[in-house]
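Step one of this worksheet: look at the structure below.
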C-alpha cells in the first residue's frame, strides 16, 4: 500500500493518531496495570498509513519489537508474557481495590470500580487466551523450522 501525498490532511491525521497511541503506550510502559502492547499495535496501524519510518522504529524496539513482530506474523504470544500480564493486571487491580477500600470511598464508587475492574480483567484475559501460545523461545523456534 502506498502512502497518500505527505501533505494530504489524512496523512497528518494518521500521524497524529499514531503519536497519540504511542504516547498511551509509553504511559502504559511506565504505569502498572495499563497495557502497552495494544496501544503499540494501534500506533503501528496509524503509522502504517502515514510514516513507514516509525513502523520500522517500533518493530525494531528491543523491548516490544519481538512481541509485536510475532503477533503480526500470527506466531502468538509467549506463555511467559501471558502469565506476566495476568499477574501484573491482577496485582494492580487488587492493590487498587484494596487501597480504595481503606480510603473510605463511598460504597457505590467501590462497587462500580470493582465491577468494571473485573470486567476489564476478564475481557483482556479472554482476548489474550484466545491468541495462540508461542511455546518455544525465539532462538529454539528458529531451529525447529522445516528446511
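The values are calculated or read from the model by the stated rules, or taken from the named source; none is laboratory data. The structure presented is a predicted model; accordingly, all values stated were derived computationally and were not measured. Heads up, the Cβs are rebuilt from the backbone with ideal geometry, glycines too, and the neighbour counts pull from every protein chain shown.
Observations
- Each residue in the range 36-77 was checked for being in contact with a strand residue (DSSP E or B) (Cβ under 9 Å, 6 or more places away or on another chain) and on the phi > 0 side of the Ramachandran plot, and 1 pass.
- For residue 53: the one exception among (1) surrounded by 11 or more Cβ atoms within 10 Å (Cβ to Cβ); (2) within 28 Å of residue 8 (Cα to Cα): (1)
- Elements of type helices (runs of 4 or more DSSP H) contained in the range 1-107, each with 3 or more residues being in the same structural domain as residue 121 (by TED's automatic domain parsing) and within 22 Å of residue 120 (Cβ to Cβ): 79-103
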